Amino acid sequence: MHILSKFSLAAALAVSLAPLAQANDAHHAPSAAAAPAAPAEVTLTEGEVKKINKEAGKLTIKHGELKNLGMSPMTMIFRVQDAAMLEQVKIGDKIGFVAERVGGQLVVTKLEVQQ
Ligand SMILES: [Cu+2]
């Protein structure tokens with residue numbers, strides 16, 4: 001009885017650890033991949049460019065709800081992943097963008113100017 005319960009505990013642990021390892025892999029993939037390796041469909045959040053700071057590589061965006069960050073609409077500063085993004089926009093532009101938390105900072109990882 002004692003041995004049996006030990007065995008089943010080990011088995012249960014092995015089963016419960018397996019999905020955890022997979023989840024970790026999945027979590028690491030996007031942060032390492034600035035490359036277009038992930039074919040995941042991305043939802044763009046609406047925003048309006050309020051300020052462009054090329055020296056600091058930052059954008060002030062009045063943004064809609066950011067579901068992936070659990071953030072309500074507001075105006076705030078984001079770092080941009082690629083300095084070229086700052087050349088794409090001008091103040092007042094309506095944009096669609098994706099922001100992610102990278103090393104404690106909010107970074108725009110995708111940006112499209114809306115027509
Ligand atoms: Cu915000």
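We did not get these values from a lab; they are worked out from the coordinates using the rules stated. Only a predicted model underlies this, so the values are computations on that prediction, with no experimental measurement involved.
Key figures for this structure:
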| read-out | value |
| --- | --- |
| Computed over segment 45-113, Kirkwood Rh from alpha-carbon pairs, angstrom | 11.6 |
| Backbone HN-Hα couplings from phi across segment 99-110 [Karplus 6.51/-1.76/1.60, Hz, Gly and Pro as x] | 10, 9, 8, 10, x, x, 10, 8, 10, 7, 9, 8 |
| ³J(HN,Hα), Karplus 6.51/-1.76/1.60, whole Hz, each residue of segment 48-59, x for Gly, Pro | 10, 6, 9, 7, 10, 10, 5, 4, 8, x, 10, 10 |
